[in-house]
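Presented below is the structure to which this report refers.
The values are calculated or read from the model by the stated rules, or taken from the named source; none is laboratory data. Here the structure is a predicted model, which is why all the values come from computation and not from measurement. To get the accessible areas, we keep the full protein, side chains included, count just its heavy atoms, and leave off ligands, DNA and RNA. Shrake-Rupley method; radii C 1.70, N 1.55, O 1.52, S 1.80 Å.
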Amino acid sequence: MTRPPTAAQRRVIDAADPVTGRLRGTEAQLAALVKRGLAFRHPRPPHDHFLTPEGHRIRQGVMGTPEPATEAPASTGVFAARVGGEEAAPETGRPARRREVHSAWQGLLELRRMTNPDGSVDRPCGWERAHLAEAAALALEAAGHQPSVRGSEEGYRVRTTPQPEAVAVHEPDGEALRACAAVLEGAGWQVSDHREPRTGTRYLLASPRRA
């Protein structure tokens, strides 16, 4: 269960650099934030600590917004990308959700800058390779695409595949599917168009670009 940060941890988060998310605090404070997924330790010297996307979200005050009692179980106070097929969430498409998604996307771009060896923000980072479906879904939702909800045929669905480092993106509307492909390509993914053998339904295969 996700707990709000302690007062001391919140002070460290609030004092983070507003642009880079770099943190200053005691080793114990920083280690506790890393353990909770709110910060990461940069792999290169001087091994500074920086906010993760969830940490950026808390710093901007999103975590303090009360959640409706009907929120889907996947959301427990920590940002969750919507891969499609979840129960309809009351805040989908609302300003609060748009701000939340924008904050998470900006945090992810900063994570790319800090963890890609060349500081590049135009291709996915290690976190995205470890969370393929969530990363692709965040890119789509940040660009304004809506995930499908359970029982609906509209909207995108992102699913893992047996292929290494590849997700399948389904969107019943052909024009919207092409738009999804353009968004992912712009976010640093390699995208190819395919058809399911039995039904002929089009879908995308997307993989994080390495160079």
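What part of the accessible area of the chain, given as a whole %, is carbon or sulfur when the probe is 1.4 angstrom? Present the calculation step by step, with values, prior to reporting the outcome.
Numbers: 6040 of 11280 Å².
The nonpolar share, carbon plus sulfur, comes to 54 percent.
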Radius of gyration and Dmax over the Cα atoms of the stretch 105-211, both given in Å = 13.7, 44
GNM flexibility winner over the chain from ALA130, ALA104, ALA39 (Cα, springs under 10 Å) | ALA130
Could you work out which residue, out of TRP189, TRP127, TRP105, moves most in a Gaussian network model of the chain, that is, has the largest mean-square fluctuation with Cα springs under 10 Å?
-> TRP127
Once both axes come from the Cα atoms, what is the angle between helix 132-142 and the longest principal axis of the chain, in degrees from 0 to 90, rounded to 10?
-> 90 degrees
Which ³J(HN,Hα) values in Hz, rounded to whole numbers, follow from the phi angles of the stretch 27-33 under the Karplus curve 6.51 cos²θ - 1.76 cosθ + 1.60, where θ = phi - 60° and Gly and Pro get x?
-> 4, 5, 5, 5, 5, 5, 5
Honestly the stretch 151-198 on the Cα gyration tensor test (a ≥ b ≥ c root eigenvalues; a/c under 1.5 rounded, otherwise a/b vs b/c for prolate or oblate) is just oblate
Say we join alpha carbon atoms closer than 10 Å with springs in a Gaussian network model of the chain; which of THR52, THR160, THR199 then has the biggest fluctuation?
-> THR199
For the chain, averaging the sequence separation of alpha carbon pairs under 8 Å that lie six or more residues apart and dividing by its residue count, the contact order in percent is 15 percent
Accessible surface, per residue, of the stretch 103-183 when the full set of protein chains is kept, probe 1.4 Å, Å² = 45 Å²
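Over all directions, how big on average is the projection of the convex hull of the alpha-carbon atoms in the chain, in square nanometres?
Hull-based average projected area comes out at 12.5 nm².
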